[in-house]
Structures are given as structure tokens and as C-alpha cells.
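Here's the structure we're looking at; comments come further down.
Please treat every number below as a calculation from the coordinates, not as lab data. Everything quoted here is computed from the prediction, not taken from an experiment. All Cβ positions, even for glycine, are placed from backbone atoms using ideal geometry, and neighbour counts span all protein chains on display.
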């Protein structure tokens with residue numbers, strides 16, 4: 001996609017159940033992570049992203065049309081890879097030495 | 001659904017799992033039964049535990065109590081994970097509304113300074129008591145035998161964390177979320193003379209190995225004295241001069257205590273009725289721990305309830321003695 | 001509201017602050033009893049912890065939030081399970097071969113969830129730090145959830161199909177179920193630090209994605225909405241557990257440099273042990289899903305080689321290297337599923353699930369997925385066995401296989417660099433010879449032989465006469481040791497296992513659904529009406 005500035009970054013990922021609840025989350029991820037690649041499997045969506053992936057509460061709320069607590073992601077999350085950091089506003093997956 | 005199936009005519013090969021059929025006959029089983037009976041491994045263990053090489057990984061010999069069938073110790077609430085979590089979620093939802101009500105109106109911070117100090121001294125340190133109960137309950141869940149006991153013990157472990165956090169919230173409602181009351185009450189718990197008797201007994205439970213004795217000490221005796229003493233007698237004394245703001249928050253604890261009591265009573269009653277040796281052991285543990293804990297609670301009762309403290313403790317002990325006698329473990333009590 | 005006038009508004013707490021206040025201060029340093037008497041199991045492994053407060057909790061869950069989110073998940077899941085049962089959803093799966101995989105699941109995996117629950121419970125009691133203890137407690141409760149939801153979901157299948165009705169009994173006795181059983185018992189009987197490295201890191205973090213993501217997606221693809229629902233719902237807990245796994249590793253490595261070699265040894269051991277355990281999933285994915293999502297070797301590439309690569313690149317700064325035997329797993333990825341299926345097929349009369357030879361359509365899929373190995377080594381074998389079936393002399397193994405002392409698989413694997421030579425290793429210990437399937441398992445045995453000599457090896461036990469029910473007289477005329485050993489194991493000989501074609505499951509399926517029991521072979525019985533009925537057309541169009 002875009003020309004990598006550093007060496008190849010190690011991929012992080014998040015996998016979500018494919019359902020109505022996760023559509024706004026996936027849209028928010030696409031919007032905030034231009035390098036994210038969305039793979040669709042039966043009943044599951046796996047999103048890979050080099051180095052770092054962020055889910056922003058404000059973006060999810062924008063697509064969802066209501067207040068959203070980032071912890072609600074847990075209800076539909078299937079798996080993740082990368083170090084997690086969670087605050088009120090952002091849920092981040094990252095490899096530190098990527 | 002496009003699949004057309006003549007399911008009306010299909011009769012199942014069996015109505016429930018084999019181990020449930022052998023216990024209850026060939027009829028549909030409840031979700032509690034499916035999730036509980038005979039689930040723990042019971043044969044052909046592979047290795048000697050490095051942490052207890054004389055026994056198997058799951059072993060009936062981690063208590064002196066004996067049972068022909070450990071699955072006789074069932075939970076009358078019939079909790080399995082699903083109905084346990086949804087029950088707690090529903091209760092928490094109601095509690096959240098109460099907490100919200102109290103917080104929005106600053107009901108606890110509006111109490112007189114001496115009342116707030118009393119709550120900080122006599123209620124908030126119980127968050128550490130609950131954490132101790134969490135440890136003791138985890139011991140039961142880890143080392144007891146059979147899913148019928150270990151699953152509710154696991155749920156009780158988590159309940160105690162929930163109660164510790166609920167009591168911590170009472171502290172935060174007093175200190176305006178600064179956390180100062182939590183810090184102060186921790187020092188109270190570790191250093192203040194009023195609390196050392198109780199802390200001493202909680203720590204004694206930490207080094208008690210027999211899981212059934214820990215169950216008696218913590219979940220039967222200690223809780224049966226602590227809950228009514230603080231959340232009924234002390235709570236009433238506080239409410240008498242200050243209204244029911246605190247009671248609206250301790251009510252949750254008492255409801256939980258009463259619900260849990262159904263499980264505790266069923267376990268002990270069944271174990272005591274199993275054989276005379278069990279009855280003697282349970283009775284001995286009951287009197288030993290009752291006497292230790294009554295002594296341990298006297299100072300905090302005295303300093304918070306003053307001249308009502310003896311009557312309050314006597315009432316709590318009398319209710320406990322009646323309950324223990326009903327359960328078959330009260331033989332040694334006066 | 002007689003506030004005292006000078007009360008400032010209550011501070012708004014962030015998630016992190018709220019968690020810290022409600023959690024971290026709960027513990028206290030005991031003074032009436034000795035620390036080492038309270039926490040007895042944390043020193044014998046040699047791990048050094050200087051400051052338990054350095055533990056980082058990535059998911060800051062308080063109990064109220066736990067109950068809320070988990071309660072929500074359970075409500076959703078049981079709504080699906082209820083609908084599944086009311087609509088006889090067990091008949092909506094692709095065909096009755098798929099159900100054979102569920103037999104492996106309930107008999108071999110559900111009890112692992114339970115053992116995991118108990119193992120984490122021990123950590124929940126034994127760790128001195130509040131943070132790690134709460135993390136272990138929540139995971140313990142989650143694992144109980146997984147055992148429970150699997151039982152509740154699969155119980156519907158168990159009512160209509162054979163071989164699922166005795167899962168706790170079989171787990172403790174069936175010869176091939178000692179593979180998963182010994183795996184988890186090895187972990188639970190270890191010290192708490194080895195357990196958490198083994199399960200939270202090596203198993204959950206490095207390996208379970210590989211098993212559950214493609215497998216559960218496959219369950220969805222084959223119409224099993226109940227299994228996919230508990231599977232994905234359970235995986236949402238796994239995401240928390242995996243994060244615990246990586247936090248625990250970082251915590252141990254940061255606490256003391258002396259921990260690094262111990263952690264590395266456990267990573268090497270448990271990666272290999274976990275890989276051997278999951279080989280079962282390899283064969284389930286490649287052979288037991290009538291409609292396939294992904295082949296084992298592809299899953300291994302994505303979830304181990306790619307994601308595991310990223311993980312170990314991240315851990316390199318601590319001096320941690322990728323697992324010692326990772327190269328073997330990569331070398332074997334084109335073989336393992338096929339070798340395992342072959343062994344199960346050969347021993348099909350001694351297992352509790354039914355077996356078949358792959359159809360032409362399936363073999364073509366495998367040729368495409370495994371271009372370097374399938375046509376060269378495995379297609380000829382299956383075609384030969386098919387000829388033997390046609391000739392009425394189907395191939396069967398009549399003797400019990402040699403088991404590996406460590407992983408307890410039959411010694412069925414080939415040398416990683418030579419797929420025509422069986423990989424066999426042995427070690428002498430106290431004058432006795434012990435057999436292993438691989439260098440990975442031999443490493444493990446040689447490191448702690450005193451532990452592994454106690455393994456309850458089913459084949460040895462059968463030969464020693466320890467696997468017969470009390471009503472059996474081995475001196476009676478017509479005594480059949482294999483038949484009696486299967487009864488002891490809770491397997492109904494000739495019903496639960498054997499050939500799929502002609503089995504009760506295949507016959508009942510066609511009678512009950514009017515659809516072929518094996519979608520690749522057409523109808524076995526007259527009960528199947530028109531195989532081109534609209535529902536099949538709809539099914540094929542998916």
C-alpha cells in the first residue's frame with residue numbers, strides 16, 4: 001500500500017465475530033488504520049495491520065450513533081495479537097520492537 | 001431455514017449423558033446437572049503433583065471429611081456459569097442504580113463527619129476481610145474434591161472479590177473518589193487494635209490446609225458473625241441517627257449473604273449427616289472457630305457499638321448457634 | 001441534602017484509576033503468619049519475583065464489569081443454544097461425518113477446559129500478588145464457562161448420535177484421550193510458574209488461535225451454529241487470556257535475569273507439547289470438516305509462522321528465542337494431518353469415532369493444498385486402501401501401537417527430513433527403556449524423567465491387565481482382550497467407532513434427514529429421497 005518508512009513492521013491483528021454489532025467497529029478500524037487489511041472468513045472477520053492498530057471510541061460512536069464503551073468490544077472479539085493498551089478513548093494493539 | 005426435516009418422528013437415542021442416566025434415570029437433565037455431575041477427573045492420574053507429591057492431582061485426602069459420593073454436596077441454587085453470571089449481572093444492574101443515586105446526591109459525603117469517620121473505621125476495612133475471604137474461598141475451589149463443591153466455591157471466590165470492590169466503592173463515595181479512605185482503612189486493618197483480632201484469624205485460615213475446615217472457618221462461621229454484626233447491627237445503629245443512605249448499599253451485601261447461605265447450609269448439612277465422624281469433625285471446627293472469631297470481633301464491636309455491643313454480639317452468636325444446631329454441626333456449642 | 005458546604009464535587013475516575021483503587025490495595029503483608037507458610041508453592045521452581053506490584057493488568061476488569069459483559073455474552077449464547085435445540089439444529093450440519101469431529105471435541109477437549117479451570121484456581125490461591133491472582137481467578141471462571149457451554153451445546157448432539165454420552169468417563173480411560181489428559185495434568189502438577197507459562201503463554205498465546213479460529217470458522221461453514229457460537233464466544237475470553245499470557249512472560253523476564261533460561265526451557269517444552277496436542281486439530285480440520293475453510297499447513301503459516309514470528313521478534317529484547325523445536329513443526333506441516341488420519345483409520349475399531357477414506361473430491365483438494373506431499377506419499381496409500389475396501393479385505397491394524405512416553409501419541413510420526421522413516425527415540429532411565437516419538441518429546445523426558453516415568457500409558461496398562469471391568473474373567477473361554485479394554489474405556493465396540501459407512505450414525509442420519517450421510521459419496525441407504533432437492537441445491541450454492 002503506502003511506501004513503508006521503516007523496515008517491514010510485524011503484523012498485529014484483531015478478529016471479530018461477523019455480525020451487526022461489529023460493523024461499526026470494523027468501519028472505525030478501516031477509517032483510523034489506513035494500512036489495515038480486512039480478511040473475511042465464515043462468521044469471522046480478521047483484521048491485520050502492520051505494527052500498530054487502534055480502535056477509537058469516537059470513531060465507533062460516529063458509525064454507531066450512540067455512546068460506546070470500548071469494553072463492549074470484548075463481547076464480539078474472537079482474538080488478538082500484539083500488546084494491548086486500553087483506555088476510555090482508545091484500544092491499541094502494538095508490537096514494541098516491530 | 002431451507003432444510004426440511006421430519007423431526008417430529010425423530011426420537012433421541014438417549015435423553016441425557018450416561019453418567020446422568022446412572023444417577024437420575026434416562027430422562028432429560030437440567031443444565032445444572034449437565035455442568036456439574038462427574039465432570040472432574042477421578043481416575044488414572046498421570047503424574048505426582050510437584051506441590052503435593054503424596055497425593056493425586058485431585059484427591060479426596062485433602063480433607064479429613066469423608067463422603068461416599070462427593071456429588072451429594074449439591075448447590076440448591078443450581079448455579080452453573082450461565083445462570084450465575086446473568087443473576088449477578090442483574091443484581092449488579094440494580095446496585096449500579098443505587099450507587100448512582102447515592103453518588104449524584106452525595107448522600108454519604110453529606111453525612112456528619114463523625115459518621116463518615118465511623119464508616120471509614122468500621123465498614124471500609126472489611127474490603128480486606130473480603131479479600132481474605134477470596135483467598136480462603138479460592139483455597140476451597142482449588143483443592144476440594146468434585147465439581148459440585150468446587151464450582152460454587154469458585155463462584156463464591158469471585159463474589160468475594162465483588163464484595164471487596166463494592167465495599168471499596170462505599171469508601172470512594174465517602175472520600176469523593178480520592179481514595180484517601182481506602183488508604184486510611186488499610187492502615188486501620190493492618191495496625192489498629194480494633195481489627196487485629198479479626199485479621200489474626202483470617203491469616204490463621206490462610207495457613208489452614210484442610211479445605212473443609214477452611215470452608216467452616218470462613219464461609220460458615222466468620223461470615224455468619226461478620227455479616228450480621230456489621231451490616232445489620234452496626235448498620236442499624238448508623239441508620240438510627242443518619243437515615244438509610246448507607247443501608248441502601250449494605251442491603252446488597254446482606255441479600256448476597258442470605259442467598260449464599262442456602263448453598264453453605266446444604267453442603268454442611270449433607271456432610272454432617274453422612275457419618276458420625278464427619279459430624280464430630282464439623283462440630284469441633286465449628287466451636288473452635290466460633291470461639292476464636294467471637295473473641296476477635298469483640299474489640300471492633302465494643303468500639304463501634306459501645307454499650308450495645310454485648311447484646312449485638314450475643315444476638316449474632318445466638319442466631320449462629322441455632323443455625324449450626326440445625327445443620328448438625330452445633331453439638332459442641334453451648 | 002445538608003452537605004457541609006465545602007465539599008468539592010467527586011473526582012471523575014478514569015478506567016485505570018478506578019481499577020487501581022478497587023483492586024490493587026486489597027492485599028496486605030501478613031504479620032501473624034509467615035509469608036512462606038501462606039504462599040507455599042512459589043519458590044520451589046526457582047523463579048525469582050522481587051516486586052509483585054510491577055504486574056500490569058492489560059484488561060482492567062472489575063467484577064461488576066466482568067459480570068455485566070460475561071452475562072451479556074451468556075444471554076446471547078444461550079438464546080442461540082435454545083433455538084438450536086428447539087429447531088433440531090443438529091440435523092442442519094453438512095453431513096454426519098462432521099459429527100464425528102464433535103465426538104473428539106466433547107470427549108477430548110471439554111475436560112481440558114475443566115482441568116484448566118482447576119489449574120488456574122490453584123494460581124488464584126497461590127500467587128502472592130493481587131493483580132495476577134485476580135487475573136488467574138477470572139481465567140479460572142472463564143475456563144469453567146468453556147467446559148459448561150461445550151457440554152450444554154454438544155449435549156443436543158449426544159442425544160442423537162453415538163459416542164458422546166460418556167465423555168468424563170472416557171476422558172479418564174480411553175487410550176487416545178490420555179494424549180490431552182496427560183498434557184493438562186502435566187501442566188497442573190507442575191509449579192504455578194511453569195503452569196502459567198505453559199498454558200497462558202505457550203498454549204493460549206502461541207497456539208490456540210491456530211486451532212480455534214480456523215476450526216470454528218469451519219464449524220460455521222458446515223452449518224453448526226451452536227458450536228460456532230460457543231467457540232467464538234469462548235474465544236472472546238481467550239483474547240483476555242492471551243493477553244495475560246504475554247503479560248506474564250514479560251513480568252517474569254523483567255523481574256530477574258535468572259528467570260530467562262527457565263522461561264525459555266518451559267517455552268520450548270510447552271510449545272512442543274502443545275503442538276503435538278493440536279496435531280489432532282490438524283486431522284480434524286483437513287479430514288473431518290466436509291466443507292473446508294483452510295488447510296492445516298495454511299493455518300500453521302498464518303498463526304504460527306507469521307504471528308508467532310512477530311511475537312518472538314518482540315520477545316527477542318529479553319533474550320528469548322523462538323521455541324527450539326519450531327523448525328520441526330514447519331518441516332512436518334505437510335505430513336502431520338495425513339499421518340494421523342492414517343493411524344486413526346488403521347485403528348478405527350479401537351476408537352470412539354467413525355472413520356472413512358477421503359473421497360476423490362477431498363483428495364483433489366489435498367493435492368492442491370499440499371502439492372509437495374499429498375500425491376507423493378498419501379494419495380497412493382489411500383487409493384490402495386480403497387482397493388482393499390472394495391475387495392472386501394479392508395486394511396486394519398490389529399495390534400495396539402507403541403505410545404510415546406511423553407505426548408502419548410502412537411509413535412506414528414516420521415523423521416522431519418524423511419517422510420518415509422518413522423521417528424523413534426528412546427532413553428534408558430534406572431535400567432528401563434522408555435520410548436519417544438521425536439526429539440522434542442525426548443528433550444522433555446530427559447529433562448524430568450522422574451516425572452514422566454509415572455505416566456499412565458494406556459497400552460502398557462492394557463497389557464498389564466489393568467483395563468478390564470470388574471465383571472470380566474480373563475481366563476474365560478472366548479475372552480477378547482481388545483473388546484474388554486474398549487468396554488473399560490467407555491467405548492461401545494462396533495457402535496461408537498469403526499467404519500463410518502454402515503454405522504448407526506450414518507444410517508440414522510439418512511433415515512432422519514433424507515440427506516446423504518457423506519455428501520461426497522451419495523446415499524448409503526434408500527432413506528435418502530431426491531439428492532437434488534432444493535435444500536441441497538441451496539446448500540451447494542453457499
Completion exercise
What the Cα atoms of the range C:107-163 span along the principal axes, largest first and in whole Å, is 48, 14, 10
Handout entry: Theoretical FRET efficiency, 1/(1+(r/R0)^6), r = Cβ-Cβ of residue C:381 and residue B:61, R0 41 Å, to 0.05
Key = 0.25
Fill in the blank from the handout: The rounded separation in angstrom of the Cα centers of the range C:300-348 and the range B:206-245 is 53 Å
Problem - Spread of Cα-to-Cα distances over 10 Å intervals beginning at zero, given as percent, for the range B:77-327 - result: 7, 31, 37, 21, 4, 0
Exercise for the section: Under 1.5 on a/c is rounded, so check that first for the range C:348-505, then, if it is not, pick prolate when a/b is larger than b/c and oblate when it is not; a ≥ b ≥ c are the square roots of the alpha carbon gyration tensor eigenvalues. Expected result: oblate
Problem - Cβ crowding within 10 Å averaged over residues, with C:251-260, C:427-436, C:191-200, C:450-459 ranked highest first - result: C:191-200, C:450-459, C:251-260, C:427-436
Completion exercise
The Cα radius of gyration of chain C, divided by 2.2 N^0.38 Å with N its residue count, comes to 1.05
Problem - Shielding by partners, peptide B:278-290 (average Cβ within 10 angstrom, other chains) - result: 0
Practice task
Mind ranking C:130-140, C:30-40 by how tightly packed they are, going by the mean number of other C-beta atoms within 10 angstrom, highest first?
Solution key: C:130-140, C:30-40
Practice task
Based on the mean of other Cβ atoms within 10 Å per residue, sort peptides B:99-109, C:379-389 so the most packed one is first.
Solution key: B:99-109, C:379-389
Practice task
Could I have the simple spin-label model distance between residue B:265 and residue C:417, label points 7 Å from Cα toward Cβ, reported in nm to one decimal?
Solution key: 7.2 nm
Handout entry: Distant alpha-carbon pairs in the range C:11-149 (separation over 25 angstrom), percent
Key = 47 percent
Problem - Residue-averaged beta-carbon neighbours from other chains (10 angstrom radius) around C:311-317 - result: 3
Exercise for the section: Provide the descending list of Cα extents for the range A:11-94 along its principal axes, expressed in whole angstroms. Expected result: 30, 27, 22
Handout entry: Debye intensity ratio I(q)/I(0), log10, the protein assembly as shown, q values 0.05, 0.09, 0.10 Å⁻¹ (C-alpha model)
Key = -0.31, -1.01, -1.24
Fill in the blank from the handout: For the residue B:22, residue B:332 Cβ pair and Förster radius 41 Å, calculated FRET efficiency rounded to 0.05 is 0.60
Handout entry: Between helix B:309-327 and chain B: long-axis angle, C-alpha atoms, 0 to 90°, nearest 10
Key = 10 degrees
Handout entry: Fewest-first sequence of C:103, B:186 by Cβ atoms within 10 Å of each Cβ
Key = B:186, C:103
Fill in the blank from the handout: Per the helix-only model, chain C has a calculated mean residue ellipticity at 222 nm (DSSP H runs of ≥4, -39500 (n - 2.57) each, divided over all residues, rounded to the nearest 500) of -16000 deg cm²/dmol
Handout entry: Ranking of C:26, B:313, B:50 by count of other Cβ atoms within 10 Å, fewest first
Key = B:50, B:313, C:26
Completion exercise
If one compares the long axis through the Cα atoms of helix B:126-143 with the longest principal axis of the Cα atoms of chain B, the angle in degrees, nearest 10, works out at 20 degrees
Handout entry: FRET E, pair residue B:54, residue C:34, Förster distance 25 Å, beta-carbon r, rounded to 0.05
Key = 0.70
Handout entry: Shielding by partners - mean other protein chain Cβ count within 10 Å, residues of B:132-142
Key = 6
